[in-house]
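Notes for the one structure printed next.
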């Protein structure tokens, strides 16, 4: 179960979601890290300086990606069920991860704070909703004879 969770984390966090002006790639974790460093108000509901989010390339890529996850299917995003994790097992893994670690370690000795896990849960829900077909009612056929 933990190997599946690690695959889910690394595949999604290390994927490129855009490029900087100089042509360097921006991974999901890098975009989140820049976004998470913005200052919020006392109730954590509004950014103190929202113009910084729109002028920062990483922040705007992160926000655009969150919006894209909500509205359409992202083919490269690995949902938990593709890794063999049910929704309850994903939540269990995240809870255990938060209890044991202070940050998420990525390849090349990179790390990002645990706040990214909440965003990954939300992205996972959005992607599952976008990928599952719309439910159709099942009506039994009654043969009159």
Net length gained if the chain between residue 82 and residue 1 were fully extended (0.36 nm per residue, minus Cα distance): 27.9 nm
For the chain: rounded, prolate or oblate by the Cα gyration tensor [a/c cutoff 1.5]: prolate
Extension gain, residue 121 back to residue 92 (0.36 nm per residue minus Cα-Cα distance, nm): 9.3 nm
Calculated FRET value between residue 132 and residue 70, using beta carbons and R₀ = 25 Å, to 0.05: 0.95
Cα long-axis angle, helix 116-131 against the chain (0 to 90 degrees, to the nearest 10): 40 degrees
Degrees, to the nearest 10: 87-100 long Cα axis against longest axis of the chain: 30 degrees
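Computed from the coordinates by the stated procedures, all read-outs in this text should not be read as laboratory data. Computed from a predicted model, the values in this text were never measured in an experiment. Cβ coordinates were reconstructed from backbone atoms using ideal geometry, including for glycine residues, and neighbour counts include every protein chain displayed.
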